[in-house]
Each structure stands twice: as C-alpha cells, then as structure tokens.
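Below is one structure; the comments refer to it alone.
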Amino acid sequence: MLSKKELIKKFQKDPEKYWKVRLFDELGFKRKQCKNCGKFFWTLTEQEICNDSTCRPYDFIGNPPTKKSFDYFETWNAIRDFFVKNDHVEIKRYPVVCRWFKPLYFTAAGIVDFYRETNGKFTFEFPATNVILTQPCIRFNDISNTGINGRSYTTFLMIQQSSSYDGKNGYWKDRCIELDFELLTKIFGIKPEEIVFIEDVWVGSGAFGYSLEYHVRGLELGNAVFTEFMGTPSKYRIMEKKVIDMGGGHERFTWISNGTPTSYDCVFGEVLKKLIRATGLNYDQKLLGPYFKSIGSLNLDDVKDLGKEKEKIVEKLGLTKEIKNLIEEIEAIYAIADHARTLLFAISDSALPSNTAGGYNLRVVFRRIMGFLDRFKWNLYVPEICEWHAKYLKRLFPELMENLEDIKNILDVEKIKYENTKQKAKQIISKIIGEEITEKKLLRLYDSQGISPEMIKEEAKKVGKEIKIPEDFYTKITQLHEKEEESKVVEKFIIDQGIPPTEELFYKDQRMTRFKAKVLKIIDGKYVVLDKTCFYPRSGGQEPDKGYINNCEVVDVEKQGSYIVHHLKTVKFGEGEEVEGEIDWDRRFQLMQHHTGAHIINAAARRILGNHVNQAGAFKDVDRARLDITHYRNLNEEEIEKIEEEANKIINERIPVRSFFLPRDEAEKEYGMRIYQGGAVPSKTLRIIEIPEVDVEACGGTHVANTYELEKLIITKTSKISDGVVRIEYKAGRAALNEFKKEKSILKEIAELLGVEICEIPSMAEDLFLKWKTARKAVRKKRKINVEELKLGKPKREELNEAEILKKTAKILKTQPEHVNKTIRRFLRELEEYKRMLSDKDDSA
C-alpha cells in the first residue's frame with residue numbers, strides 16, 4: 001500500500017485538481033513550497049516558510065491575533081452559532097467508547113461518530129446532510145507529551161464539521177473552505193493574511209482523501225479533509241457521496257484567542273486554579289511564557305532526547321534551577337488535569353480501567369497521576385478532580401454529573417490496586433536491580449506487572465544506580481493496547497453465491513414450529529441450505545434450534561453470510577425437493593427464556609451496581625446461561641441477592657417484550673449507542689428488542705413476548721473471569737424450576753443425613769464443619785481430645801426459604817450449592833473416622 005508521503009506526491013502531480021479551491025482564486029492565494037520543511041502551502045503573502053509549528057514559533061502567545069478572547073464555552077457557542085446559521089444541524093456528542101464500529105475502542109476523532117459497517121463494507125452514516133458538534137476524543141499516542149508541549153491531550157474536543165455531498169445536496173471543498181475562512185476572519189477576527197493552508201492527505205479505516213490544514217502563527221487550528229475515495233490508496237473507487245470531514249481543535253481555538261503560555265491555562269479553567277491552590281505552586285504565566293513558546297516549536301516526534309532539548313531552552317532563556325523545577329511541577333499539574341478529564345469522560349461512558357484493551361490505557365493514565373502525586377508528595381484525590389471537571393464542563397456536557405459516585409467507587413478500587421502493586425514492585429525490583437534495565441524490560445515490567453519506570457528509578461537511586469526512562473515510554477505502552485482484538489471468523493465452506501439468501505421465518509413468527517421449504521443446496525451430503533427456515537442458527541451467544549427436516553434429525557444450525565446452514569445426521573432428500581421442517585419447541589422456548597433473561601439481568605445489574613455496567617459477553621443454552629458484565633470487583637452476596645431480586649421484580653411486572661426493525665440511524669437517534677450491548681451490528685437495519693423502561697438493545701436472538709413468561713430467574717454462580725469483567729451464571733423459566741427441584745432434592749437428602757428438619761440444616765452444618773475441623777486438627781497434631789466433645793449438638797431453626805438455606809449452607813461449608821450434599825457426606829464420614837482414630841489413641845494410652 002502507498003505510504004502517506006507517496007500518496008501526497010501522487011496527488012501533488014495535479015495540485016490544482018485536489019487542493020485548489022474557489023476562494024484561492026477569488027482572493028489571490030498563491031501556492032508555495034516551504035523552504036524549511038518542504039511542504040506545499042497556500043498564502044496571501046510572500047512568506048517563504050509555512051505556518052507549521054516546526055517552522056514558525058507560537059507568535060500568538062502573549063499576542064493573540066483574534067478580535068477578542070473567547071473562553072472555552074464562548075468558543076463553542078461562537079462556532080456552533082456560525083454553522084447553525086449556515087444550514088448545519090447541531091448534534092449531541094457521541095460516547096467516547098466506540099461501541100458502533102470495531103475494532104476501535106475509543107472515539108479517536110469526530111468523524112468516527114459516523115463510521116459504520118454494512119455487510120462487511122465500510123460506510124459513512126450521518127444523522128443530517130450537514131452537521132456540527134464538539135466531540136470529546138480520546139487518544140493515547142501523544143500521552144508522553146501531554147503537559148509538556150502546551151497542546152497535547154489524551155482527551156480533547158474536536159469541532160466536527162461534516163457534510164455528505166452527492167452532487168446536489170450538501171457541499172464540497174469550495175464551500176467548506178469558504179465557511180472555515182469566514183469562521184476565522186469574521187467570527188474570530190483573524191486577518192486573512194495570517195491564515196496559511198498546508199496541503200496534506202488523510203487515510204482512514206476504509207476511506208481516504210486529500211486535505212487542507214489551516215494554520216495561524218504556528219498553530220494548526222483545523223484540518224479540512226475531502227474524503228473522496230473508498231478503499232485503500234492501492235485499491236479504491238470514487239465515492240458516490242463524498243464526505244467533508246473538517247476536524248477543528250476546540251482547545252486550540254480557545255488558546256489562540258487568549259494567547260496563554262499553554263492551551264491548558266485557558267482550557268482547564270477553574271480546575272487548573274484549584275489544582276494550583278491545592279499544591280501551593282507559585283505559577284507566573286508571564287515568567288513561563290517564553291519557555292512554553294519555545295518547547296511548542298519542537299517537533300517532538302523527531303526529538304531523540306527531550307531532556308537535553310529542555311535543558312537547552314532553559315539555558316538559552318537563562319532560567320534558574322528553581323524555575324526549572326517549577327516547570328516540571330507545572331507540567332505534572334497539566335498532565336494530571338488532562339488525565340483526570342480522560343477518566344471522567346471514559347468512565348461516564350461506561351469504560352473501566354483494567355488490564356486489557358482500552359481499559360489498560362485508562363489504568364495507565366490513572367497510575368501516571370498517582371506517580372506524579374507520589375513524586376511531588378501532593379495530597380490530591382483523583383475522584384475529586386474528576387468532580388471539579390464535571391462541574392466545570394456542566395454547561396457543555398451536563399451528563400458528566402450523573403455518574404460521579406460510580407467514578408469515585410471505581411477509582412477508589414484502582415487506588416487500592418495501585419498501592420498493592422507498589423508493595424509487590426519493591427520485591428520484584430530488588431531481584432532485578434543488579435541486572436541491565438533496558439527499555440524492553442521496562443515495557444515488559446509495566447505491561448505484565450504494572451510496575452512503572454518511576455518506581456524502578458526510585459528504587460535504583462537508593463543503590464546508586466541511574467535508570468533512564470524513555471521520553472516516549474507511556475506512548476509506547478499505550479500503543480500496545482490501542483484496539484480491541486478482532487475476532488477471526490473462519491467459514492467451514494463456501495456457498496454458491498448464485499442461490500438467494502435464506503428467508504428467516506423465526507423473525508416473522510417466533511412461535512412457528514412447522515414450515516415447508518425448498519432445498520437449494522446440499523453440501524458434503526450433510527449440510528442443507530433451504531430457501532426459508534424456522535431454525536434459528538447459533539448466533540449472538542445463543543445456541544441453535546434443533547429438530548427435524550423430513551424426519552431427518554437436525555443436530556446443528558449455523559449462519560454463513562446470508563445463508564442458514566442446517567447440519568443433519570443423515571439426508572434422505574435431494575436438491576430442488578420441497579421438505580417439511582419442525583423445530584423442537586421446548587428447546588426453542590427455553591432458549592427464548594434464557595436470552596430474554598440476559599437482557600433482564602443486564603438491566604438489573606446496571607440498576608444495582610451502576611451505570612458503568614455493560615454486556616461483555618453472553619452464552620445461552622438449554623440447561624444453563626451466563627452473562628458477562630463490566631464491573632470493577634467481585635460481587636458480594638448482598639449484590640447478587642439484589643440483582644436476582646431486581647430481575648424477578650421485572651419478570652413479575654409482566655412487561656411486554658417488543659421486537660421490531662428500525663433503520664440503524666433511526667435506532668441510534670432514538671435509543672443511543674447503548675443498544676450495541678452485543679457489539680457493532682454490520683447492517684443498515686437493526687432488530688430492536690425493547691423491554692419498556694428496562695432495557696433496549698440491538699439483538700438478533702429469539703425472545704419471549706412478556707417478561708412473566710420467564711416465570712422465575714435464579715443466579716447460580718458469579719465469578720470474576722478477568723480484570724473488569726464479572727460472569728453471572730443463571731437459569732430462567734423451566735431450567736430455574738428444575739433447579740428448584742434439584743435444590744429441594746439436595747436439601748431433603750441433607751436433612752436425612754443430618755437427622756434434622758430442612759430449616760435446621762445451616763446451624764447443624766456449621767456445627768458439623770467446626771467439629772470436623774477440630775477432629776482433623778487433633779489427629780494431625782496427635783493431640784488428645786475427648787471424643788464426646790465431637791458429638792453434634794442441638795440444631796437451631798432459621799426463617800429462610802429453601803434457596804437461601806442451600807446458599808447459606810454452601811457458604812458455611814465453603815463449597816458450591818450443588819455440592820453441599822456430597823460435602824456433608826464426606827464430612828460425616830471423615831468425622832467418624834477421626835473419632836475412631838482418636839478413640840484408638842485413648843485405648844492405647
């Protein structure tokens with residue numbers, strides 16, 4: 001595939017075709033090549049260098065080129081009002097967790113809001129022809145420079161100006177640049193001769209185009225991408241609907257209008273003031289302005305040793321050692337402010353710090369904050385900083401105030417994990433401190449053990465050893481976990497594309513059990529494709545229907561593309577024949593109960609545990625089902641009981657379960673991105689399952705018509721299966737009733753074994769367990785004991801239902817409920833054996 005540089009060269013063979021716009025002719029913009037960096041740019045002046053920060057210093061610091069200063073909120077109001085006036089629809093931000101497009105984990109750019117996949121192909125979908133919004137974006141590629149160069153963030157707001165242009169509706173590059181130029185000159189009051197447009201290209205996930213970046217006094221304010229080609233630079237086609245993708249820097253527009261030493265000074269507002277007060281720093285903007293102006297002009301990607309470059313700037317400016325130390329503290333404060341804002345947005349939108357995928361990077365930013373607090377001995381509480389941000393940003397994003405308690409609980413747990421890691425780190429570091437500590441080893445220790453390079457450096461200093469931390473260490477560590485792993489789907493066989501897709505009768509009537517169909521294809525003598533079917537295939541974690549086709553047993557059903565393939569034990573019919581199929585209704589209905597149960601448990605868990613709960617996986621079979629949810633710690637007994645109670649409350653409310661199809665854009669607009677609990681759906685039409693006031697999801701599974709059809713739901717087990725993911729195993733409907741029968745049978749057996757009533761089992765089980773432990777200890781340590789003391793006492797009655805009795809007994813015996821009877825039999829047998837052994841000792845004595 002062509003590289004970005006090669007693509008630019010290809011387009012630059014005809015620059016007027018790609019980059020020249022009507023405005024350039026009207027106002028007399030000239031195309032020039034920068035004598036410093038070699039880039040091509042368009043300008044109204046005779047300047048010989050472009051306005052990129054690597055070629056021109058930040059001349060706006062202390063001298064803004066705008067007609068007035070705009071605060072963070074005034075900036076957006078001015079931009080929004082301008083574009084709305086010019087026929088754009090203002091839309092609300094999308095979540096920073098990108099559930100609608102794999103393999104992205106976070107929303108890294110405003111245009112990602114409109115990325116979709118349809119039938120395996122990349123597409124754009126816009127809620128209106130022309131849109132404008134300010135979109136929070138999360139990126140970790142520049143984390144090492146955050147707080148240092150004055151402009152880098154892990155979370156920033158992108159002004160997203162977009163238009164879908166089909167030749168009649170929407171607009172293309174001429175109008176785009178006219179609008180952006182008018183925004184700069186008339187709204188912000190920047191002189192036309194201050195504006196330089198630099199030629200560039202952009203290559204995205206499934207499309208690409210050429211672009212014009214606009215720069216003012218060394219600062220890039222926006223990049224207008226003209227997305228014209230679908231595919232890759234090596235293989236592409238011109239799009240039927242071209243896309244304007246102008247991404248502007250909300251923070252940068254605010255910065256250039258204020259001229260502060262860094263963008264952080266005017267972006268973080270009250271949050272920064274509170275941080276400075278809390279840490280007692282004496283921050284003088286005028287004093288530090290020249291330093292940040294100089295550091296901002298560096299191309300940090302090309303700097304091999306940032307420390308040395310910073311030393312040169314400090315020396316050149318004649319700054320004292322005290323000022324140098326103050327700079328390091330201020331840089332840390334900037335980074336803390338940024339990182340806390342990232343945690344606020346991400347956790348508010350249901351992400352969790354963890355050791356996998358995007359959650360790993362959230363843990364990195366949290367621990368980077370903690371590292372700064374340890375290093376400078378600052379007494380700051382991260383959840384409180386998040387709350388400061390939420391209150392400050394309330395005018396833009398009021399929803400950030402809704403989940404502050406969740407954020408506090410989650411980050412409190414993260415702090416405990418961090419402190420535990422610090423204790424563990426000391427032991428590990430002591431073992432390796434004599435070895436050579438390479439960059440590779442630093443990365444491995446952080447990735448596998450969570451040991452930060454700062455911890456290693458601190459311990460090394462104690463033994464007189466110097467450890468150098470790479471300047472881009474945190475950028476490299478976050479790049480390891482930027483994207484979710486893409487699942488690989490391997491089809492068993494290729495189906496002739498000449499046959500029509502299978503008609504899915506189970507969506508027309510989920511209770512249809514018999515049907516007639518035509519055999520279109522038989523593969524390998526056992527795989528059958530029909531023109532239509534009632535058999536639901538394995539999909540979305542739900543196991544398939546089974547049954548018969550012309551009395552031939554169907555043992556498995558899978559979906560291959562748009563075809564449903566039936567796996568039969570034997571096939572006694574041929575292609576072209578009409579056959580009759582019948583599904584196993586009892587199996588189907590149980591799967592319906594379990595699938596609807598997954599939706600109910602998901603909703604119940606969110607109500608009990610918090611808004612951060614989302615589905616992380618699911619499996620629905622006939623005899624058992626499970627739902628994996630995102631949660632930051634193991635569930636305790638009280639939480640399990642409350643979730644089960646809430647789920648059964650929903651069932652008993654007899655709520656209709658609605659299933660219907662909606663165009664994807666309508667579904668997203670109506671219900672939001674939380675509908676993608678099972679992951680992104682590669683279709684323009686979504687099947688929606690709605691339990692009103694409870695849960696709404698895009699889901700292709702089979703479901704009951706009313707919650708009361710579940711009858712009963714019980715949670716049989718919970719476990720933490722990975723960092724940030726808890727598995728809830730459950731049974732519903734007939735499976736739950738069978739479980740009750742099984743429990744009743746177990747309790748009856750236990751009562752007979754112990755010679756007590758069922759309500760007396762827990763107290764007698766506890767007495768048995770304690771006396772078994774006493775006897776075992778006496779035997780092992782060869783101690784004398786009065787065997788009479790090992791007789792079981794009188795049991796106590798307890799006012800519990802049978803399920804509670806079994807759970808409590810299992811907890812006492814430290815086993816699973818289904819194993820209680822076996823455990824008691826073992827304890828009784830072993831207790832008698834211990835008593836015999838102890839009696840023999842007494843006799844021999």
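Taken together, the values in this text are just the output of simple stated rules run on the coordinates, not laboratory data. No experiment lies behind these values; they were computed from the predicted model shown. Cβ sites come from the backbone with ideal geometry, for glycine too, and all protein chains shown count toward neighbours.
Mean residue ellipticity, 222 nm, helices only, the chain: the sum of -39500 (n - 2.57) across DSSP H runs of n ≥ 4, divided by residue count and rounded to 500, is -12500 deg cm²/dmol.
Overall, the range 334-413 carries a charge dipole of about 360 debye about its Cα centre when +1 sits on the Cβ of Lys and Arg and -1 on the Cβ of Asp and Glu, all other atoms neutral. A Förster distance of 60 Å, applied to the separation of the beta-carbon atoms of residue 559 and residue 839, puts the FRET efficiency at 0.35. With 18 Å as the limit on Cα-Cα distance, the pairs of 102/235; 777/835; 4/39 that go past it are 102/235. Modelled spin-label separation between residue 705 and residue 740, with each label point placed 7 Å from Cα along the Cα-to-Cβ direction: 2.3 nm. Here each label is just a point 7 Å from Cα along the line to Cβ, and for residue 419 and residue 44 those points are 6.0 nm apart. Here the Karplus relation 6.51 cos²θ - 1.76 cosθ + 1.60, evaluated at θ = phi - 60°, turns the backbone of the range 503-516 into coupling constants of 7, 9, 5, 5, 7, 7, 8, 5, 9, 6, 10, 10, 7, 10 Hz, with x for every Gly and Pro. Excluding same-chain neighbours fewer than eight residues apart, the lysines reachable from residue 796 by a Cα-Cα span under 16 Å are 808. Within the chain, the percentage of alpha carbon pairs spaced more than 56 angstrom apart rounds to 24%. Using 0.36 nm per residue and subtracting the Cα-Cα separation, the extra length available between residue 654 and residue 523 on full extension is 42.7 nm. Here the scattering of the range 6-76 is modelled by Debye summation over its C-alpha atoms, one equal scatterer each and no solvent; at q = 0.15 Å⁻¹ the log10 of I(q)/I(0) is -0.72. Here the convex hull built on the C-alpha positions of the range 239-281 has a volume of 98 cubic angstrom per residue. Taken over the range 623-691, the percentage of Cα pairs per 5 Å bin, counting from 0 up to the bin with the maximum distance, is 3, 11, 17, 18, 18, 17, 11, 4, 1. Close amide H pairs (under 5 Å, H built 1.01 Å from N) link residue 54 with no residue at least 5 positions away or on another chain. Report note on the peptides 47-53, 285-291: ranked by the mean count of other C-beta atoms within 10 Å, highest first, their order is 47-53, 285-291.
Of the residues 730, 768, 746, the one whose Cα sits farthest towards the positive end of the charge dipole of the range 720-768 is 730 (charges of +1 on Lys and Arg Cβ, -1 on Asp and Glu Cβ, taken about the Cα centre). By DSSP, the beta bridges lying fully in the range 505-634 are antiparallel in about 95 percent of cases.
Note the direction-averaged projected area, equal to a quarter of the hull surface, for the Cα convex hull of the range 301-362, in nm².
Result: a mean projected hull area of 6.0 nm².
Between residue 106 and 98, the built amide H atoms are under 5 Å apart, and every one of these is 5 or more places off in sequence or on another chain.
Taking every DSSP beta bridge that has both ends in the chain, the antiparallel portion is near 95%.
Coordinate range of the alpha-carbon atoms in the range 504-593 per principal axis, descending: 35, 23, 22 Å. Within the range 691-736, the ratio Rg/Rh, alpha carbon atoms throughout and Rh by Kirkwood, equals 1.03. Across the cross-link table entries 712/822; 67/186; 68/391, which are compared at the Cα atoms, the separations over 18 Å belong to 712/822; 68/391. With bins 10 Å wide beginning at 0, the percent of Cα pairs of the range 693-812 falling in each bin runs 11, 27, 26, 20, 10, 4, 1.
Spin-label pair residue 749-residue 235: with each label point 7 Å from Cα along the Cα-Cβ axis, the two points sit 6.0 nm from one another. Across the range 171-243 the C-alpha pair distances fall into 5 Å bins from zero in the proportions 3, 16, 24, 21, 15, 10, 7, 4, 0 percent. Applying 1/(1 + (r/R0)^6) with r as the Cβ-Cβ distance of residue 719 and residue 2 and R0 = 60 angstrom yields a FRET efficiency of 0.80. In terms of Cα atoms, the Rg and Dmax of the range 130-197 work out to 15.7, 46 Å. The slack between residue 356 and residue 818, meaning 0.36 nm per residue of separation minus the straight C-alpha distance, is 163.0 nm. Based on the Cβ-Cβ distance of residue 830 and residue 125, what FRET efficiency does E = 1/(1 + (r/R0)^6) give at R0 = 60 Å, to the nearest 0.05? E between residue 830 and residue 125, to the nearest 0.05, is 0.35. The three principal axes of the C-alpha atoms in the range 190-337 carry coordinate ranges of 59, 34, 33 Å, sorted with the longest axis first. Equivalent ellipsoid of the range 92-219: semi-axes from √(5λ) of the C-alpha gyration tensor, largest first, are 25, 22, 13 Å.
The HN-Hα couplings worked out from phi for the range 721-730 by the Karplus form 6.51 cos²θ - 1.76 cosθ + 1.60 (θ = phi - 60°) are 8, 6, 5, x, 9, 10, 9, 10, 9, 8 Hz, whole numbers, x standing for Gly and Pro.
Computed on the Cα trace of the range 185-225, the radius of gyration divided by the Kirkwood hydrodynamic radius gives Rg/Rh = 1.09. Of the peptides 697-706, 378-387, the order by per-residue mean of other Cβ atoms within 10 Å, starting with the highest, comes out as 697-706, 378-387.
Each Lys and Arg Cβ is given +1 and each Asp and Glu Cβ -1; about its Cα centre, the range 579-712 then shows a dipole of about 400 debye.
Using mean Cβ contacts within 10 Å as the protection proxy, how do 222-230, 259-267 order, highest first?
Highest to lowest by the protection proxy: 259-267, 222-230.
Between the residues 114, 700, 61, the greatest Cα displacement towards the positive end of the dipole of the chain, with unit charges on the Cβ of Lys, Arg, Asp and Glu, is found for 61.
Positive end of the dipole of the range 601-674 (Cβ unit charges, origin at the Cα centre): among 622, 636, 660, the Cα lying farthest that way belongs to 660. A cut-off of 5 Å between modelled amide H atoms, ignoring neighbours fewer than 5 places along the same chain, links residue 617 with 628.
Given +1 at the Cβ of Lys and Arg, -1 at the Cβ of Asp and Glu and no other charges, the dipole of the chain around its Cα centre is 2200 debye to the nearest 20. With Cα atoms defining each centre, the range 71-112 and the range 635-652 are spaced 38 Å apart in the structure. For the range 184-259 and the range 746-824, what is the separation of their C-alpha centers, rounded to whole Å? Centre-to-centre distance over Cα atoms comes out at 73 Å.
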